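Written out below as C-alpha cells is the structure these notes cover.
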Amino acid sequence: MRFLAMNDPGDNLFDLTQAQWDEAAARAGESGHEIRFGRSSEEFAEGVAWADVLLAQTSTLYGRFPCTAPNLKMIFLLSAGVDKLRPFSNLPPGVAVLNNSGVHSRKAGEYAAMALLMLNARVPEMLAQQRDHVWQMLFSSSIRGRRVTVVGTGDMGSPAGRAARMFGAIATGVRTNATPHPDFDRVVAVGDLDTVLPETDFLILACPLTEATHGLITRARLALLSKGAGVINIGRGALIDQEALCDLLDAGHLGGAVLDVFTPEPIPRGHRIWTTKNLVISPHVSVDDPITYNPDSFDILWENVRAIRAGEPMPHLVDLSRGY
C-alpha cells in the first residue's frame, strides 16, 4: 500500500516522522509499504494523486477537497472529530474515513479530573482574587456526592465519567440512547438532557461536533443548571452558546467554567471571554499528548489495515451520515 502522511504547514510539534512510521510498522509486523511525507500544497497534490491512504490532521486537510485522488481508498485522520472535513460530499467517491478514537482517553480523564477539582475547590474565584489582590476565604466541601453530567460517553466522555466516580461523585452520561455504560452510574438519552440539568453540579461536554450537537447547550439549557454549577468543555466550542455562558458566569448564576475549546479559535485579542468572571482557559491542549499521540495513532492505523486484510469491519470507520 502507498501512504501519504501530511504534516501541518504551521506547526511541527505533532509531525509524523519516518522513525515513528518504522517503529510502528515493526510493532505491527508490517513491511513492503511505501510512504511519503508532505507539508506543502504541491506535495499534497502530487502525493494524494499517488497514494492509497492519506494520513493527516483534519485541520491540515481543511479546504483541500475536492481534489484529484484516483487511487485513494482511505483517509486516516489523526483526530477524533471529523467536522473540519465538511462538506463530506467533496471527498473522493467511496473513500473510507477513519479516525484515531482512543488516543485521547488518558489525557481526557486527567484533564477532567483536574477541572472538576478546580471548580469544586473554587479555584477560578481564587485566581480572580489573586489578580485583584483580594484576601477572602473561599471554603468548599468535598466533591464526593456531587452530581456530574457528561455529554458524550465515547473516547473522551468515558474517562471523564471514570474520573468523576473516582472522587466519589455521581456520574450521569448523556448519549444518543439510554443504553447503560459501565463508566456511569446512569445514562440518559440526549432527548432527556433537560431533565438532568437542574440537578447537575458540573456539566462536562465531551461529544463530537455534528449537525445534531451544534449549539446543543443553549442559553435556556445553561439557565437550567443549578445556581453555582460549573461547566467544562473538552469537545468543541460550537457545542455551547458561548455568549450565554459568559453572561451567566458574569451574572453569578454559574460558579465557574474551565474551557479548552472556543468559537472562534484562537480567541481574538479583546474578546470578552478573556475577562469573563471565574473562567479558566486552556488553548485547545486538553487531550493531546505529544509523546504518545503519533505512535498510538499509527498503531490504530495498522489495526484497521489488518481488519481490511482479514475481511472484517474497520473498528475506526467513521459514519459520515452521523458525523462520527
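Every number in this text was worked out from the coordinates using simple rules, so none of it is lab data. These figures come from a predicted structure and were not determined experimentally. Cβ atoms come from the backbone with ideal geometry, glycine included; neighbour counts cover every protein chain shown.
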- [ ] Work from the charge dipole of the chain (Cβ charges, +1 for Lys and Arg, -1 for Asp and Glu, about the Cα centre) and give the residue of Thr275, Asn304, Ser59 farthest towards its positive end.
- [x] Thr275
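Where a ≥ b ≥ c are the square roots of the eigenvalues of the C-alpha gyration tensor, would you call the chain rounded, which needs a/c under 1.5, or, failing that, prolate if a/b is larger than b/c, or oblate? Don't skip to the answer; put the middle values down first.
Numbers: a/c = 2.08, a/b = 1.84, b/c = 1.13.
Prolate, because a/c is 1.5 or more and a/b exceeds b/c.
Take every Cα pair under 8 Å in the chain that's 6+ residues apart, average their separations, divide by the length, and report that relative contact order as a whole percent.
Taking the mean separation of contacting Cα pairs over the length of the chain, I get 16 percent.
Can you compute the FRET efficiency between Gln18 and Leu317 using 1/(1 + (r/R0)^6), with r the Cβ-Cβ distance and R0 = 35 Å? Round to the nearest 0.05. Before the final figure, lay out each step's value.
Details: r = 27 Å, r/R0 = 0.77.
The formula returns an efficiency of 0.80 here.
Gain in length, Ser31 to Leu127, computed as 0.36 nm per residue apart minus the alpha-carbon separation, to one decimal in nm?
Computed gain between Ser31 and Leu127 is 29.2 nm.
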Task: Computed helical MRE - 222 nm, the chain, DSSP H runs ≥ 4 contributing -39500 (n - 2.57), nearest 500 - done: -8500 deg cm²/dmol
Open item on the list: I want to check the label-to-label distance for Arg2 and Arg272. Put each point 7 Å from Cα in the C-beta direction and report it in nm to one decimal.
Closed with: 5.3
Task: Among Phe44, Ser140, Gly323 the positive-end extreme of the charge dipole of the chain (Cβ point charges) - done: Ser140
Open item on the list: Below 26 Å, Cα to Cα, which lysines can Lys107 reach? Residues fewer than 8 away in the same chain don't count.
Closed with: Lys84
Open item on the list: Applying a 10 Å radius around every beta-carbon, put 95-107, 14-26 in order of their mean neighbour count, most first.
Closed with: 95-107, 14-26
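Rounding to the nearest 20 debye, state how big the charge dipole of region 105-281 is about its Cα centre with +1 on each Lys and Arg Cβ and -1 on each Asp and Glu Cβ. Show your work: numbers first, answer last.
Details: 18 positive and 17 negative charges, 73 e Å.
With Lys and Arg at +1 and Asp and Glu at -1, about 360 debye.
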Task: Added length on full extension, which subtracts the Cα-Cα distance from 0.36 nm per residue, Thr195 to Glu211 - done: 3.5 nm
Task: Estimated FRET transfer efficiency when R0 is 30 angstrom, pair Val134-Arg186 (beta carbons, to 0.05) - done: 0.15
Open item on the list: Within region 106-147, list the residues whose amide N lies under 16 Å from a label point set 7 Å along Cα→Cβ of Arg165.
Closed with: 109-110, 113, 144-147
- [ ] May I ask for the angle, rounded to the nearest 10°, between helix 157-166 and the longest principal axis of the chain, with both axes built from Cα atoms and the value confined to 0 to 90°?
- [x] 40
TODO: Give the Rg/Rh ratio for region 234-299, taking Rg as the radius of gyration of the Cα atoms and Rh as the Kirkwood radius, to two decimals.
DONE: 1.09
Task: Unit charges at the beta carbon, dipole of the chain: most positive-side option, Leu254, Pro92, Met118 - done: Leu254
Open item on the list: Once R0 is set to 35 Å, what does the formula 1/(1 + (r/R0)^6) return for the Cβ-Cβ distance between Val95 and Ala220, expressed as a FRET efficiency to the nearest 0.05?
Closed with: 0.35
Open item on the list: Let me spell out the model: positive unit charges on the Cβ of Lys and Arg, negative unit charges on the Cβ of Asp and Glu, origin at the Cα centre of the chain. What dipole size does that give, in debye rounded to 20?
Closed with: 760
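What does the extension gain come out to for Phe88 and Ala310, with contour length at 0.36 nm per residue minus their alpha carbon separation?
Values: separation 222, 0.36 × 222 = 79.92 nm, distance 2.74 nm.
Value of the extension gain: 77.2 nm.
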